[in-house]
Amino acid sequence: MNTRARIAAAVAAGGLIIGAAAGCTAEDDAAQPSYLGAEGFTGTAPHVADEEEPPSPSPLHEQALGAARAYVDSAHFSESGLTEQLATVDQFPPDVASWAAAHSGADWNAEALESAEEYRGISHASGAEVRDRLITVDRFTPEQAEYATSHLGG
């Protein structure tokens with residue numbers, strides 16, 4: 001990184017370098033970043049995303065996540081169905097239930113396919129009937145239901 005780029009990075013990071021002590025040369029001017037104009041900083045430095053870690057889940061979130069993973073391991077849930085189960089049966093607050101379902105690690109397409117296979121095995125329903133049940137009863141998305149019915153065997 002050339003000197004001018006180091007200066008720009010230092011200024012962007014909250015540092016301040018003044019005058020010739022920065023050691024800028026004419027060659028540095030030719031290789032300056034695009035957000036530095038001939039007169040210096042143009043006021044349009046590239047955006048740097050925040051690199052803060054998200055807050056750690058609360059104990060309640062962790063408890064809900066454990067319940068969500070247990071449900072996914074034992075039954076075939078859609079994300080909205082799992083959220084509802086956690087909120088109504090397990091009495092987690094809706095936002096915690098939603099967070100747990102979203103972070104459960106479930107493959108919703110695989111869940112829909114397993115549910116479709118189970119339903120077809122019991123009812124011998126057509127693909128269209130299975131798709132409708134996945135959407136209306138099990139509350140999978142239309143895309144997940146389509147994935148499941150297109151991957152059903154036989």
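Every number in this text was worked out from the coordinates using simple rules, so none of it is lab data. Since the model is a prediction, treat every value here as computed from it, not as a measurement. Ideal geometry is used to build each Cβ from the backbone, glycine not excepted, and the neighbour counts take in all protein chains shown.
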| said: Only counting other Cβ atoms within 10 Å, I'd like ASP132, ASP73 sorted with the fewest neighbours first. | reply: ASP73, ASP132
| request: Would you mind putting 86-94, 111-119 in packing order, based on average other-beta-carbon counts within 10 Å, highest first? | output: 111-119, 86-94
| task | For THR136 and SER123, calculate 0.36 nm times their separation in residues minus their Cα-Cα distance, and state this gained length in nm to one decimal. | result | 3.1 nm
| request: Would you tally the net charge around ALA97, using a Cβ to Cβ cut-off of less than 10 Å, leaving ALA97 out, and scoring K and R as +1, D and E as -1? | output: -3
